[in-house]
1. Give me 110, 230, 186 ranked fewest to most by other Cβ atoms within 10 Å of their Cβ, as a rough exposure proxy.
2. For residue 240 paired with residue 91, estimate the spin-label separation in nm (one decimal), with each label point 7 Å from Cα along the Cα-to-Cβ line.
3. Between residue 215 and residue 33, what is the label-to-label distance in nm when each label sits 7 Å out along the Cα-to-Cβ direction?
4. Could you calculate the FRET efficiency of residue 201 with residue 127 from 1/(1 + (r/R0)^6), where r is the beta carbon distance between them and R0 is 25 Å, rounded to 0.05?
5. Counting other beta carbons within 10 Å of each Cβ, put 233, 77, 257 in order, fewest first.
6. Along the Cα→Cβ direction, 7 angstrom out, place labels at residue 194 and residue 261. What is the inter-label distance in nm?
7. I need the fraction of alpha carbon pairs in the range 152-272 separated by more than 20 Å, rounded to a whole percent.
8. At a 10 Å Cβ-Cβ cut-off, how would you order 16, 27, 174, fewest neighbours first?
Ligand code: PEP
């Protein structure tokens, strides 16, 4: 469940979305390698866990087969476990897919949905992605709905049209109380795994537009509760300036989540 207490600042209510730093291991790390990485991550973060959990949440999404080992390695930790995809049917003839209940058995709470690699390499459509998001919500899993434009779309001036279109389609028919439980990840395709990060200003512009659309579609309360993560070559060197932006509520991290030291530094993002 998304934690979004309201803080009173000089008599004005402002939302305090809890920062979410999420690791997407993609198709990397065997169960043994994943276990070793999580042990190193815990050794780094656990001494400060009591402070860190106050204003941030940490999640790791291993490949499906490494999930049981990761669940063991995270026992007693505040680090949440996620998966990199989920199907929306409870069971049946869906070769290669994984159901919500199968994930929940291992304590999964987050599922990444609509990642650009799923959209572009595996041709997942907005329609399929919307079903996965709705299926996750129906099964009390928190979907992280990924949206983002290609370089061609950005250069052609179609960034907002693309991103907002993916967002609208991904959340089709959703009630405000369900939409508040979704996490959105803005991941420009040209920034993923390329070492080329969006500037904090570029990211904030898109995040602000996403928040506006969420407010128009689901109301201000829901929009204020929904966390919008940035993803695309996030590193220890750029996380602080990204996290300082008002509508950037955390990060979805690929490459830099594969070593404990760099991911732990990202988790320790400075909040202005
Ligand atoms: C990702 O795959 O979601 C991602 C953001 O990757 P990277 O951090 O490597 O760009």
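1. The most exposed by this proxy come first: 110, 186, 230.
2. In this crude spin-label approximation the distance works out to 5.2 nm.
3. Simple spin-label model gives 4.4 nm for this pair.
4. Calculated transfer efficiency: 0.15.
5. Least crowded to most crowded, the residues run 77, 233, 257.
6. 2.8 nm
7. Details: 3074 of 7260 pairs.
Roughly 42 percent, once rounded to a whole number.
8. Ordered by Cβ neighbours within 10 Å, fewest first: 27, 16, 174.
None of the figures in this text is laboratory data; all of them are computed from the coordinates on show. Model, not experiment: these values are computed from the prediction. Cβ atoms come from the backbone with ideal geometry, glycine included; neighbour counts cover every protein chain shown.
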